[in-house]
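Peer 1: Once you've had a glance at the structure underneath, I'll fire off some questions.
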Amino acid sequence: MARKAVERNIAYDDQRKLYYVSMELGRDENGKRIKQYRTFPTLAAARNGLRDFHAGIERERELERKLAPAQELDLSHWLEYWMDSIVRPNRAETTVYAYQKIIDNHIDPALGTVPLKKLTPKMVQEYYTETQRANGLSSNTMRRHHDLLSSALRSAVRQDVIPASPMERVEPPRVRTTESYFYNNQELKLLYQKIEGNILELAVKLAGSLGMRREEICGLKWENVDLQRHLVLIREARTAYGATIVQKETKNRSSVRTLYLPDEVYLLLEQEQARQQQERCIQSPTYNPTDHVILDAKGAPYSPNALSLAFTRFVRKNDLPRLTFHGLRHTFATIASCQGASLFDIGKALGHSTPATTGRIYTHLVDRTHEELVQRVSDALK
C-alpha cells in the first residue's frame, strides 16, 4: 500500500484512492497519543473534515469553560458536548445529520433544560408518548430517539458526569417489522422486459441481478468496473444527508466486495461506457467529470432519492406490482435463496458482516431455509 503524506495530518492512499485524515484526540493515561483516522474521497473534503474536527475541539473547550463545576449541567449542554466530542469525530456525516435533527427538533425543546442529574425514566417515557402523539411519528422512529439518548447518557456515566443512566429503566419503543415487497423470478423477468432501453435499465439490473445497494449504484465509478475480468468492485457509495450529497466509503468494511458481472449486465456496462465516451467527444471532454457510471437524463450522477423516485414512477406507469428500488435487493436475495444459495453466500454478495445479519433482515429466507431443512430431515426418516 502506498499511503503518502500530502500535507500535515492528511495522506493519500493511491490503491483505495482515498485521503486519510489523522485526528489527534489527546493522550491516554500512559502519555501515548490517541489518534483517529477518517477517509475522504477528495483533498478538499479531507481539508474540510480536518477543519471541522479542529472547530469541534474548540467548541468542546468553549463548552467546558461554560460548564464550570458549580454550574448544573442540563441535557441540552451535555448533548452539545457529546455531539462535538464523541459523535462528529467517529460517525458518518449522515449519522451526525440525523442525530442533530432529532436533538434540534424534538429532544431539546422537550427536555433540553432538565438538569442531567434530575432526568428520570418517567420524564423520558412521557417524552416518547407525547412526541409520538404530537408529531405522528412511528414507533421505529421513536426507537432512534431512544438509541440516541441511551448512547449519550452511557457516555455521561463513563465520564463520571452522572452515577447511572436513567435509560436503563426506560421501556424502549417496540420496533415493528415493516412488510417487505419483493418480486419472484417471473415478475423480475417482466420488469426487465419492460425496462429494456430505458435510462434506468442498468441501475435496475445492478440491483436486481447483483444485489447492490442504491447508494453503491449511485456511487459506482468506471475505475471500479473491470470489464476485462467481468468484475465490479464495490468501494464507494453516494449518499445524502439533508440537501447535501456526498461520495464516501461503503457502509462498513464488509460492504467492500467484488462482484461478478453476468453477461447481460456486462453488455449493458459496455454499451454505457461507449455511449459516455461518445457524449464526451460530442459535447465536451469535461462531460461526466466525476466518472460515475449511472447518470440521469442530463448527464449528472443520480442522487439516491432521485433514483428511487424515478424507479417508483416507472413501476406505477407500467402497472407493475408494487416494489421500491430497495425491494430489488430483496428480490435478488429471495431468488438466490430459491436457487439453493446459502445465507452465508447471499450475505457475502449483499455486503453483510455475518449470516445472522442476512437472516435478521431477510427473515423470509430463514423461514424457507428452515422449512427445507425440516423437510429433508423428515424425508430421511421415511
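Only the coordinates and a few stated rules stand behind these numbers; no lab work does. Values in this document were obtained by computation on a predicted structure and should not be read as measured data. Positions of Cβ are generated from backbone atoms using ideal geometry, with glycine treated the same way; all protein chains shown enter the neighbour counts.
Peer 1: Counting Lys and Arg as +1 and Asp and Glu as -1, each charge on the Cβ, what is the dipole of the chain about the Cα centre in debye, to the nearest 20? Please list the in-between numbers first.
Peer 2: Working: 56 positive and 47 negative charges, 58 e Å.
The calculated dipole for the chain is roughly 280 debye.
Peer 1: Applying 1/(1 + (r/R0)^6) with R0 = 41 Å to the Cβ-Cβ distance of GLN125 and VAL246, what FRET efficiency is obtained, to the nearest 0.05? The partial results should precede the final answer.
Peer 2: Numbers: r = 36 Å, r/R0 = 0.88.
Computed FRET efficiency for GLN125 and VAL246: 0.70.
Peer 1: Right, another one. Assuming R0 = 56 Å, what is the FRET efficiency of GLN132 and GLN278, from their Cβ-Cβ distance, to the nearest 0.05?
Peer 2: On the way: r = 54 Å, r/R0 = 0.96.
Efficiency computed from Cβ-Cβ geometry: 0.55.
Peer 1: Here is a further query. In degrees, nearest 10, range 0 to 90: what is the angle between the Cα axis of helix 304-317 and the longest Cα principal axis of the chain?
Peer 2: With both axes taken from Cα atoms, the answer is about 50 degrees.
Peer 1: Could you give each residue of segment 213-218 its phi-based ³J(HN,Hα) in whole Hz, using Karplus coefficients 6.51, -1.76, 1.60 with θ = phi - 60°, and x for Gly or Pro?
Peer 2: Once θ is set to phi - 60°, the couplings for segment 213-218 become 6, 4, 5, 5, 5, 5 Hz.
Peer 1: With +1 on the Cβ of every Lys and Arg and -1 on the Cβ of every Asp and Glu, and nothing else charged, how large is the dipole of segment 70-176 about its Cα centre, in debye rounded to the nearest 20? Present the calculation step by step, with values, prior to reporting the outcome.
Peer 2: Values: 14 positive and 13 negative charges, 90 e Å.
Taking the Cα centre of segment 70-176 as origin, the dipole is about 440 debye.
Peer 1: Can you check what the net charge comes to around ASP263, using other residues whose Cβ is under 14 Å from the Cβ of ASP263 (Lys, Arg +1; Asp, Glu -1)?
Peer 2: Details: positive: LYS205, ARG229; negative: GLU264, GLU270.
Computed value for this residue: 0.
Peer 1: To the nearest 20 debye, what charge dipole does segment 86-147 have about its Cα centre, counting +1 at the Cβ of each Lys and Arg and -1 at the Cβ of each Asp and Glu? Each step should come with its number before you reach the end.
Peer 2: Details: 9 positive and 6 negative charges, 35 e Å.
Using only the charged Cβ atoms, the result is roughly 160 debye.
Peer 1: Highest GNM mean-square fluctuation, the chain, Cα pairs closer than 10 Å: which of PRO301, PRO285, PRO321?
Peer 2: Looking only at PRO301, PRO285, PRO321, the largest GNM fluctuation is found for PRO285.
Peer 1: Neighbour counts of other C-beta atoms within 10 Å: give me CYS218, CYS338 arranged from fewest to most.
Peer 2: Values: CYS218 27, CYS338 12.
The order, fewest Cβ neighbours first, is CYS338, CYS218.
Peer 1: Can you sort ASP319, ASP84, ASP345 from fewest to most other Cβ atoms within 10 Å of each residue's own Cβ? Kindly include the intermediate steps, with their values, before the conclusion.
Peer 2: On the way: ASP319 7, ASP84 20, ASP345 14.
Taking fewest neighbouring Cβ atoms as first place, the list is ASP319, ASP345, ASP84.
Peer 1: Quick one: order MET123, MET142, MET212, MET23 by neighbouring beta-carbon count within 10 Å, fewest to most. Could you put the intermediate results ahead of the total?
Peer 2: Working: MET123 15, MET142 21, MET212 27, MET23 18.
The fewest-first ordering by Cβ neighbours comes to MET123, MET23, MET142, MET212.
Peer 1: Continuing with this model, one more query. So what J values fall out for segment 195-210 if you push phi through Karplus, 6.51 cos²θ - 1.76 cosθ + 1.60 with θ = phi - 60°, rounded to Hz, Gly and Pro as x?
Peer 2: Computed from phi, the couplings for segment 195-210 are 8, 4, x, 7, 4, 8, 4, 5, 4, 4, 6, 5, 7, x, 9, 10 Hz.
Peer 1: Just tell me which lysines come within less than 24 Å, Cα to Cα, of LYS4; anything on the same chain fewer than 8 places away is out.
Peer 2: The reachable lysines, counting only those whose Cα sits under 24 Å from LYS4, are LYS17, LYS32, LYS35, LYS221, LYS248.
Peer 1: Further, regarding this structure: Under a 10 Å cutoff between Cα atoms, tell me which one of LEU210, LEU190, LEU307 has the largest fluctuation in the Gaussian network model of the chain.
Peer 2: Of the options given, LEU190 has the highest mean-square fluctuation.
Peer 1: Of THR239, THR95, THR331, which has the largest mean-square fluctuation in a 10 Å C-alpha GNM of the chain?
Peer 2: Answer for the Gaussian network model of the chain: THR95.
Peer 1: Counting only GluC sites (Glu not before Pro) that are in a DSSP loop and have at most 15 other C-beta atoms within 10 Å, tell me the longest site-free stretch of the chain. The partial results should precede the final answer.
Peer 2: Details: sites that count: GLU29, GLU72, GLU179, GLU196.
Free of exposed loop sites, the longest segment is 197-382.
Peer 1: Would you mind computing, in nm to one decimal, how far apart the modelled labels at GLN100 and ARG144 are, each placed 7 Å from Cα along Cα→Cβ?
Peer 2: Result for the modelled spin labels: 1.5 nm.
Peer 1: Moving on to the next point. Could you please report the charge total around HIS106, scoring K, R as +1 and D, E as -1 over all other residues with beta-carbon less than 11 angstrom from its beta-carbon? Don't jump to the answer; show the numbers that get you there.
Peer 2: Details: positive: LYS101, ARG144; negative: ASP104, ASP108, GLU130.
Summing Lys and Arg as +1 and Asp and Glu as -1 gives -1.
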